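Take a look at the structure set out below.
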Amino acid sequence: MTNIASGNSPSDFDIGKQYYATQLGSYDEMYADEEKARPHWAKFFASIERMGVEELERRRHETQRLLRENGVTYNVYGNDQRLTKPWRLDPIPLLISSEEWPIIESGLQQRAGLLDLILKDLYGGQTLIKKGLLPIELVFSHEGFLYPCVGAIKNQQRQLTIYSANLARGPDGRMWVIDDRTQAPSGFGYVLENRTVMTRVLPDIFRDTQVQRLSGFFKAFRQSLNEIAPHNKENPRVVILTPGPLNETYFEHAYLSSYFGYTLVQGSDLMVRDGRVWLKSLEGLQPIDVILRRVDDSFCDPLELLVNSKLGVAGLLEAVRRSQVAVANPLGSSILENPGLLAFLPRLARYFLNEDLILPSVATWWCGQRHEREFVLQNLQHMVVKPISHSHNRIVFGAHLSTSELDELRAQIKAKPYCFVAQEQVSFSTVPAFVDQHVEPRNAVLRNFVVANGSDYIVMPGGLTRVARQKDDFTVSNQAGGISKDTWILTEKPEKSTAIWTATQRNYAVDVVEPLTSRAADNLFWVGRHLERLDVGVRLLQAVLTKLDETEEFKDEVDAECLVLLLRATTQVTGTFPGFFGVSEQLYKKPQAELLALAKNTRQLGTIASNIHSFYQAASSVRDLWSQDIWRYIDNIQRRWYLKVLNKRINITQLPKNLDDLMTNIVAFTGLTAENMRHESGWLMLDSGRRLERSLSLIALIRAMLSPNLTDVLQQQMLEALLICTDSLGIYQRRYRAVIQLPRILELLLQDANHPRSLVYQLQQLSEHIGALPRENRNSQMSAEERLLLKAYTDVRLLDMGMLVNPENIGLTGELEQFLANLALSLKQISELIAQAYFSHSQVPQPIKTVYTEDEL
């Protein structure tokens with residue numbers, strides 16, 4: 001076995017079971033030449049060799065476990081799976097030496113400053129176009145140039161707040177810029193999560209390697225957003241504008257929101273009034289000073305930009321013109337992502353800076369110029385052809401096209417030459433990656449990040465490295481299944497970590513509570529409701545499966561009759577009609593297929609799978625409000641059911657174990673939210689949804705399971721099932737120490753104020769929550785929902801069970817049945833009043849479950 005630590009090895013070497021072979025004609029990050037590894041790589045792999053292959057594989061598994069538990073995901077567009085794609089991280093980082101990094105750092109600072117000057121000019125005096133330094137067709141034909149934004153960019157030191165560049169090393173060892181990201185650069189949240197995991201998985205190696213820390217960059221980023229706030233406001237309110245949970249990098253939006261303490265908003269959460277941007281919250285309208293947008297700029301204002309956009313805020317651009325809000329990056333900055341600009345950057349660098357580019361771009365020819373176009377057409381088979389606007393066509397590799405396809409592409413270029421650029425097809429450098437328990441070379445792209453800092457720019461000492469999924473594959477992207485790497489910038493001396501939050505002993509931290517948006521309140525309310533629907537559905541199904549086993553084992557007629565009643569009650573309570581109503585006797589004898597459908601059918605409302613999906617959707621929409629521990633159980637509820645039940649062919653005997661596992665996660669989520677969330681607006685909304693839905697579910701269970709005119713033995717079985725479904729059997733036995741009796745059960749489930757499952761307990765908690773919620777124009781008068789709650793609570797407490805329950809008439813009396821029906825209608829009215837009071841800015845399309853009696857069908 002050859003030892004890398006020696007610094008000398010052939011191009012093929014073994015590290016235990018590891019195998020590494022460099023590609024001919026390409027640059028490899030680890031090797032200076034075919035015989036010698038670079039010193040910093042040799043030192044790193046010496047530590048890896050001491051660790052051994054099996055231990056490195058264990059730590060790779062630990063890496064993926066941490067990422068999964070932290071909920072790190074990446075959504076793939078066009079993926080028909082309901083599950084998000086887990087983020088993948090290679091345990092071997094990309095190492096960049098302390099000698100090389102200053103050159104890259106200077107090049108990125110220079111490039112960010114140059115693009116900032118170009119942005120100001122294109123939306124200002126347009127000197128570059130007037131002097132012929134930029135062709136007018138190149139600018140005005142690009143979809144990223146937004147005419148309404150001309151003049152909207154204000155005169156400040158740096159307009160381009162955050163900049164990102166994709167870098168790759170060519171065969172000659174030089175670092176090249178492949179493309180620029182300027183409108184809403186993504187990835188630095190993933191960088192931070194990658195670094196967090198790597199420091200846990202390889203703590204000793206990370207410390208011994210002497211890696212630069214990332215905290216200084218994030219501190220500068222926070223300060224940069226504060227600096228662009230209008231009117232030099234000292235503590236500006238910053239929000240992150242996201243397209244929503246379906247966006248591919250939504251995890252990062254929520255992650256940065258939690259990390260910085262910024263409110264995560266969607267376009268519907270904001271409005272423009274009197275030239276200002278306001279946040280719609282439970283506390284009323286809150287002024288917004290800075291918007292960190294993760295929405296493409298043309299979608300940000302349907303009033304002046306893309307009219308059919310539902311992601312933006314009508315009037316946002318006018319608020320920017322009036323200097324009432326700052327947007328990072330400015331609307332219209334996507335013009336800088338025009339790949340045609342790469343051909344003109346060397347000239348513009350000399351014009352603005354009197355300097356040559358430190359980091360050159362990949363060779364680029366804009367086809368709008370005759371000489372360049374002719375060169376491209378003659379060498380098309382060696383080129384990579386791109387449209388100047390991302391949305392028009394895909395990237396085409398000339399080497400992959402047939403003769404007829406090349407002719408067709410030539411015709412397209414000749415028809416609209418100004419819409420196309422061609423670039424040299426370059427091979428990326430290879431980096432070592434740990435694949436299938438051995439090290440292999442993979443083509444890599446490095447994404448770096450730069451943030452404005454006063455009159456200068458600060459470069460993140462690291463970045464997001466992505467490697468190709470397969471060996472010799474030049475397509476490097478997350479959408480194509482690429483794997484990420486942490487990027488370690490080495491230093492000569494150990495570096496201390498610094499926090500992004502700084503304070504002195506003389507200053508006291510100010511208690512700042514970020515407002516809860518109406519949309520977030522809506523989703524939290526429905527998280528609670530869907531959770532309770534799931535809870536009662538699982539408990540009912542568990543009771544049915546238990547009774548089914550008893551029926552098949554003992555062949556008792558009473559058990560069979562009880563099973564029929566439980567099956568019908570399950571359909572009534574879950575609302576999964578027709579279910580077990582209006583069916584043949586054969587279905588009651590063999591209900592297994594219908595019960596499995598109740599667990600697996602995702603298309604019918606009321607099933608376990610449907611409720612899980614609705615719960616997960618609502619929870620994902622407020623991802624930024626959950627701690628990692630809470631999110632872990634949200635993910636468990638969804639992921640485990642899909643992996644173990646929906647995506648497998650299970651039989652009815654395997655279902656109870658999965659239901660038990662699901663109930664464990666439900667209970668864990670409920671406990672964590674009660675113990676770990678602050679009991680303020682968000683938690684109050686979540687628990688209000690739970691209390692309201694639990695009240696409705698309890699009423700539904702009582703009405704569905706206490707049928708009239710049952711025999712004594714059958715009634716005893718149904719009453720016991722009711723106590724089991726409400727998790728009250730043990731409490732009943734300890735309290736009454738007697739046979740199960742209907743009046744006592746109703747007292748326990750309806751009127752016991754100390755029983756967490758009783759109806760009066762839910763109404764009392766709900767009343768307290770609604771009273772504690774913020775409300776505009778709150779005065780001494782009770783709101784409509786508070787009055788209804790008080791009436792419902794009083795009516796339940798005043799019930800006289802001795803008068804309403806007739807011992808001779810087994811089951812509910814007509815009077816009590818009508819009382820419960822009216823109470824359910826009142827609770828639904830309370831739900832509508834809560835929506836009107838707090839969710840008036842959000843649509844509430846959620847169906848309210850209705851319980852039907854047999855006579856109503």
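The values are calculated or read from the model by the stated rules, or taken from the named source; none is laboratory data. Since we're looking at a predicted model, the values are computed, not measured. Note that we place each Cβ from the backbone using ideal geometry, even for glycine, and neighbour counts take in every protein chain shown. In case anyone asks, the SASA skips ligands and DNA or RNA and just uses the protein heavy atoms, side chains included. Shrake-Rupley method; radii C 1.70, N 1.55, O 1.52, S 1.80 Å.
For segment 97-117, the tally of residues that are of a type in the set (Ser, Thr, Tyr) and not in a helix (DSSP H, G or I) stands at 2. Looking only at segment 169-179, residues that are under 30 Å from the mean Cα position of the chain (by Cα) and open to solvent by 10 Å² or more (accessible area, probe 1.4 Å) come to 2 in all. Checked against the criterion of being of a type in the set (S, T, N, Q) and outside any loop (DSSP other than H, G, I, E, B), the candidates GLN604, GLN617 yield just one match: GLN617.
For segment 450-467, check the following and say yes or no: at least one residue is open to solvent by less than 20 Å² (accessible area, probe 1.4 Å) and over 29 Å from ILE162 (Cα atoms). No, segment 450-467 contains no residue that is open to solvent by less than 20 Å² (accessible area, probe 1.4 Å) and over 29 Å from ILE162 (Cα atoms). State all residues of segment 266-284 that are buried (at least 17 other Cβ atoms within 10 Å of the Cβ) and either assigned to a strand (DSSP E or B) or touching an Asp or Glu at 6+ places or on another chain (Cβ under 7 Å) (or both); if no residue qualifies, say none. Hits for segment 266-284 are LEU270, MET271, VAL272, ARG276, VAL277, TRP278, LEU279, LYS280, SER281. Could you check, for segment 214-236, whether at least one of its residues is in contact (Cβ under 8 Å) with a residue 60 or more places away in the chain, open to solvent by less than 40 Å² (accessible area, probe 1.4 Å), under 30 Å from MET51 (Cβ atoms) and not in a helix (DSSP H, G or I)? Yes: one or more hits.
Of the set (1) under 15 Å from the mean Cα position of the chain (by Cα); (2) within 17 Å of TYR74 (Cα to Cα); (3) of a type outside the set (Asp, Glu), all apply to LEU241 but (2). Scanning segment 429-443 for residues that are among the aliphatic types (A, V, I, L, M) and open to solvent by 10 Å² or more (accessible area, probe 1.4 Å) gives a single hit, VAL435. Considering segment 567-596, the residues that are out of contact with any Ser or Thr (no Cβ under 9 Å at 6 or more places or on another chain) and not in a helix (DSSP H, G or I) include one that is farthest from GLU557 (Cα to Cα), namely GLY582. When LEU748 is tested against the conditions (1) surrounded by 15 or more Cβ atoms within 10 Å (Cβ to Cβ); (2) within 20 Å of LEU825 (Cβ to Cβ), the lone failure is (2). Within segment 414-423, can you find the residues that are surrounded by fewer than 18 Cβ atoms within 10 Å (Cβ to Cβ) and either modelled with pLDDT under 90 or of a type outside the set (D, E, K, R) (or both)? Scanning segment 414-423 gives a single hit, ALA415.
Across segment 318-340, the qualifying residues are those that are aliphatic (A, V, I, L, M) and touching a strand residue (DSSP E or B) at 6+ places or on another chain (Cβ under 9 Å), and the one among them that is nearest to ALA112 (Cα to Cα) is LEU336. Under the condition of being touching a residue at least 60 places away in the same chain (Cβ under 8 Å) and open to solvent by 10 Å² or more (accessible area, probe 1.4 Å), which residue from segment 549-567 is nearest to ASN636 (Cα to Cα)? The extreme case among them is LEU565.
Do we find that MET198 is touching a His at 6+ places or on another chain (Cβ under 9 Å) and either open to solvent by 20 Å² or more (accessible area, probe 1.4 Å) or farther than 30 Å from LEU303 by Cα (or both) in this structure?
The answer is no for MET198.
Residue under question is ASP712, and the condition is that it be at pLDDT 95 or above, open to solvent by 40 Å² or more (accessible area, probe 1.4 Å) and of a type in the set (D, E, K, R); does it hold? When the stated conditions are applied, ASP712 does not pass them. Pairing residues of segment 632-643 that are closer than 12 Å to GLY71 by Cβ with residues that are at pLDDT 95 or above and of a type in the set (A, V, I, L, M), at Cβ distances under 7 Å and at least 6 apart in sequence or on separate chains, gives TYR633/ALA668; TYR633/LEU672; ILE634/ALA619; GLN638/ILE612. Residues that are of a type in the set (A, V, I, L, M, F, W, C) and not in a loop (DSSP other than H, G, I, E, B) were ranked within segment 156-167; the one that is surrounded by the fewest Cβ atoms within 10 Å (Cβ to Cβ) is LEU167. Condition first: closer than 21 Å to ASN709 by Cα, surrounded by 20 or more Cβ atoms within 10 Å (Cβ to Cβ) and of a type in the set (Ser, Thr, Tyr). Can you find one or more residues in segment 568-577 that meet it? Scanning segment 568-577, I find at least one residue that is closer than 21 Å to ASN709 by Cα, surrounded by 20 or more Cβ atoms within 10 Å (Cβ to Cβ) and of a type in the set (Ser, Thr, Tyr), so the answer is yes.
GLN764 meets all of the listed conditions (1) open to solvent by 30 Å² or more (accessible area, probe 1.4 Å); (2) polar (S, T, N, Q); (3) under 18 Å from LEU812 (Cα atoms); (4) within 39 Å of the chain's Cα centre (by Cα) but one, namely (3).
Give the number of residues within segment 130-155 that are of a type in the set (Val, Ile, Thr), under 18 Å from SER389 (Cβ atoms) and surrounded by fewer than 18 Cβ atoms within 10 Å (Cβ to Cβ). Result for segment 130-155: 1.
When segment 285-301 is filtered for residues that are open to solvent by 30 Å² or more (accessible area, probe 1.4 Å) and part of a loop (DSSP other than H, G, I, E, B), only ASP296 remains. Among the numbered conditions (1) open to solvent by 10 Å² or more (accessible area, probe 1.4 Å); (2) among the hydrophobic types (A, V, I, L, M, F, W, C); (3) assigned to a strand (DSSP E or B), the only one that VAL426 does not meet is (3). Checking each residue in segment 198-246 for being aliphatic (A, V, I, L, M) and within 26 Å of LEU292 (Cα to Cα) picks out LEU214, ALA220, LEU225, ILE228, ALA229, VAL238, VAL239, ILE240, LEU241, LEU246. Evaluating ILE92 against the criteria (1) open to solvent by less than 30 Å² (accessible area, probe 1.4 Å); (2) modelled with pLDDT of 95 or more; (3) not in a strand (DSSP E or B) leaves one unmet condition, (3). Scanning segment 118-144 for residues that are in a loop (DSSP other than H, G, I, E, B) and charged (D, E, K, R) yields a total of 2. Of all residues in segment 578-599, those satisfying the criterion of being within 32 Å of the chain's Cα centre (by Cα) and surrounded by 19 or more Cβ atoms within 10 Å (Cβ to Cβ) are LEU598, ALA599.
Has segment 679-698 got any residue that is farther than 28 Å from HIS769 by Cβ and free of Cβ contacts under 8 Å to residues at least 24 places away in the same chain?
No - not one qualifying residue is present in segment 679-698.
Looking across TYR250, TYR259, one residue alone is open to solvent by 40 Å² or more (accessible area, probe 1.4 Å), closer than 24 Å to GLY71 by Cβ and either in contact (Cβ under 8 Å) with a residue 24 or more places away in the chain or among the hydroxyl-bearing types (Ser, Thr, Tyr) (or both). It is TYR259. Restricted to segment 722-738, and to residues there that are open to solvent by less than 10 Å² (accessible area, probe 1.4 Å) and part of a helix (DSSP H, G or I), the residue that is nearest to LEU820 (Cα to Cα) is LEU722.
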